[in-house]
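Throughout, read-outs are computed from the coordinates displayed, never taken from laboratory work. This structure is a prediction, so every number in the text was calculated from the model and none was measured. Because the Cβ atoms are built from the backbone with ideal geometry, glycine has one as well, and the counts that use them run over all protein chains shown.
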Amino acid sequence: MTDYVFAPPPQPAVPVAGDYALFPVRRIYCVGRNYAAHRREMGGAENDPDPPFFFAKPSDAATPPGTDVPYPSQTSNLHHEMELVAAIGASGANVSRDEALSLVFGYAAGVDLTRRDLQSAYREKGQPWEGAKGFDFSAPISAIKRWEGPPPQGRISLSVNGQVKQDAVVADMIWDVASVIAEASRLWRLEPGDLIYTGTPEGVGPVVRGDLVQGEIEGVGELSFRIV
Ligand code: MN
């Protein structure tokens, strides 16, 4: 048995719908600007020639169902971004678009919480985004639903205190799930436990302490958390 100088940190994990066993989280990748209407609201052109791009969050940013989200420090403009999450269950690098879906364990509903004010400041200075995206509790997620076959295409929606803020369809993605996984696998070897947040549709906006955030992806799942 290996000795450590202190106890290793707990393994971040997410429940699996209908299963006692948990999904252990290895890495969290996120896609930026993957819906045209969100690209517009963030100040990009609809036909932006730049392809969607990736950033990452720490694995322990994954915030499983039933966990409140503390309002993070260093921001006064915390935004919700409702996203379909692909949970990876097999290893693969440089996979083709046709092979990509065979890596999928299941899907979940997730929120890519963002310190929008810091993100804007970093973008202006050309600095990295970790402080805006990769903070503690920044990746709320529903239980993962095991899945085979074509990915979800249906309604993706988010409400704050019962008011609908985001309401779109997953089918409106610029890069579909297979393309996102294939592209990610060209940058990193994907391994079981990886989560890929696939981008948010339009309607992102602020949340404050006390808000109840509820999200749903048709056929996949629901999540609900309070900002405290
Ligand atoms: Mn996002």
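Looking at the chain, which longest stretch skips every one of the chymotrypsin sites (Phe, Trp or Tyr not before Pro) that is in a DSSP loop with at most 14 other Cβ atoms within 10 Å, leaving the sites themselves out? Don't jump to the answer; show the numbers that get you there.
Details: sites that count: TYR4, PHE6, TYR20, TRP188.
Between the exposed loop sites, the longest stretch runs 21-187.
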* To do: Evaluate the Debye formula for the chain with equal point scatterers sitting on the alpha carbons, no solvent, and hand back log10 of I(q)/I(0) at q = 0.08, 0.14, 0.17 Å⁻¹, in q order, two decimals.
  => -0.26, -0.84, -1.27
* In Å, descending, principal axis extents of the Cα set of the range 110-149 -> 42, 22, 12
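State, as an integer percentage, the relative contact order of the chain based on alpha-carbon contacts under 8 Å between residues 6 or more apart.
Details: 578 pairs, mean separation 70.1, N = 228.
Computed value for the chain: 31 percent relative contact order.
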* **Tail weight of P(r) past 16 Å, computed on alpha-carbon pairs of the range 1-67, percent** => 66 percent
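Kirkwood hydrodynamic radius of the range 131-214 from all distinct Cα pairs, in Å?
Working: mean 1/r = 0.0659 Å⁻¹.
Hydrodynamic radius (Kirkwood, Cα pairs) of the range 131-214 is 15.2 Å.
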* To do: Starting from the Cα of ARG146, step 7 Å along the direction of its Cβ; do the same at PHE6; then give the gap between the two resulting points in nm.
  => 3.8 nm
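Within the range 123-201, list the GluC sites (Glu not before Pro) lying in a DSSP loop whose Cβ has at most 14 other Cβ atoms in a 10 Å radius. Mind showing how you got there, number by number?
On the way: sites: GLU124, GLU130, GLU148, GLU183; in loops: GLU148.
Those satisfying the criteria are GLU148.
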* To do: Springs between alpha-carbon atoms under 10 Å, Gaussian network over the chain: tell me which of ALA108, ALA121, ALA182 tops the mean-square fluctuations.
  => ALA121
* Can you figure out the FRET efficiency of ALA121 with ALA45, using R₀ = 25 Å and their beta-carbon distance, to the nearest 0.05? => 0.70
